[in-house]
1. Among the residues of the range 106-119, is there at least one that is in contact with a Lys or Arg (Cβ under 9 Å, 6 or more places away or on another chain), among the hydroxyl-bearing types (Ser, Thr, Tyr) and under 28 Å from Ile146 (Cα atoms)?
2. Please note which helices (runs of 4 or more DSSP H) are completely contained in the range 63-170 and include at least 1 residues that are free of Cβ contacts under 8 Å to residues at least 24 places away in the same chain and closer than 30 Å to Ser2 by Cα.
3. Go through the range 122-141 and give me each residue that's within 14 Å of Ile158 (Cα to Cα), surrounded by 12 or more Cβ atoms within 10 Å (Cβ to Cβ) and out of contact with any helix residue (DSSP H, G or I) (no Cβ under 6 Å at 6 or more places or on another chain).
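Every number here is computed from the coordinates shown, using simple stated rules; none is lab data. The shown structure was predicted, so the numbers you read here are calculated from the model rather than taken from an experiment. All Cβ positions, glycine included, derive from the backbone under ideal geometry; neighbour counts span all protein chains shown.
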Amino acid sequence: MSQNFFTLLKLPEAFVIDLERLDQNYQDIQKEIHPDRFASFDDETKLESIKKTAQVNDAYQTLKSPIRRAEYMLQLHGVNIHDEKYTAVPQDFLMQQMEWREELETHKQNKLALEKLATEIQKNKNNMMNQLPVFFDQKDHLNDAIKITRELNFIEKIEQHIYDALIEIV
């Protein structure tokens, strides 16, 4: 049942994917396996449809998100980035994180400052995301992919904190 997400959604195993094709393949598969199509079948068949639907949904959500896709691709290479041995991040990145968090706390009620911070962080995130395809294409760069993916997880968290702060201002 635990089929490779790329195979399940009929996509090549690569970091850069065709998102329109992902959406179309997902919709096509959902039409075939949706539990509503099996409402009149026996309980075992209905349960199997529910399981398949959940797996396809998980695969879709994973591959749709670049960060989750990177994590998944690393898993396919036997790497769980949440494992303790991968938790270290470079000192300069930690310092950058601390600066961003300090700025967030300082400007929690200042919409323009928060938007400026979000833009700065987004630029950093985009630069990092642009590196990932190369790291995944060249298997000897998996350590770089691990490092970038870990850092992107931190960035995603601070982006969420900024978003939450912006909602509270409104």
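1. Looking through the range 106-119, none of the residues is in contact with a Lys or Arg (Cβ under 9 Å, 6 or more places away or on another chain), among the hydroxyl-bearing types (Ser, Thr, Tyr) and under 28 Å from Ile146 (Cα atoms).
2. On the way: elements: 66-76, 91-106, 111-137, 142-169.
Fully inside the range 63-170 and qualifying: 66-76, 111-137, 142-169.
3. Result: Gln122, Asn124.
So that you can scan it fast, the table gives a plain yes or no per residue for (1) of a type in the set (S, T, N, Q); (2) under 15 Å from Gln30 (Cβ atoms); (3) surrounded by fewer than 18 Cβ atoms within 10 Å (Cβ to Cβ):
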residue: Lys46; (1), (2), (3): no, no, yes
residue: Ile50; (1), (2), (3): no, yes, yes
residue: Asp58; (1), (2), (3): no, yes, yes
residue: Gln75; (1), (2), (3): yes, no, yes
